[in-house]
């Protein structure tokens, strides 16, 4: 499956207020799910001495799927195909790499 196919299938499960005209809801969901990923990683550090066993990996995988779902919804709400978002990101990173600016901070490097 490609990213746009995923985005289209994921959209069929979108049940939130004003789907199609509500970028705020998926933005908040994305922030929450990213926090859940971070929380699971934190607990691996705290409870498992930083060892990512299969149980931890599987739990994180599920949360990453939720992150992807919200990225797909927010992208659609803003009129972007997920493949275009991914392609733009790779082009940005390639440009930074060519300039020797892959590390550091700021969007406009």
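A few notes on this one:
- Between residue 41 and residue 80, the contour length at 0.36 nm per residue exceeds the alpha carbon distance by 11.1 nm.
- Over segment 3-82, equivalent-ellipsoid semi-axes from the Cα gyration tensor in Å: 29, 13, 9
- In the chain, the DSSP-assigned H stretches of four residues or longer account for a calculated mean residue ellipticity at 222 nm of -23500 deg cm²/dmol, using -39500 (n - 2.57) per stretch and the full residue count as denominator.
Rule-based calculations on the coordinates, nothing more; no lab input. Since the structure is predicted, the reported quantities are computational estimates derived from the model, not experimental observations.
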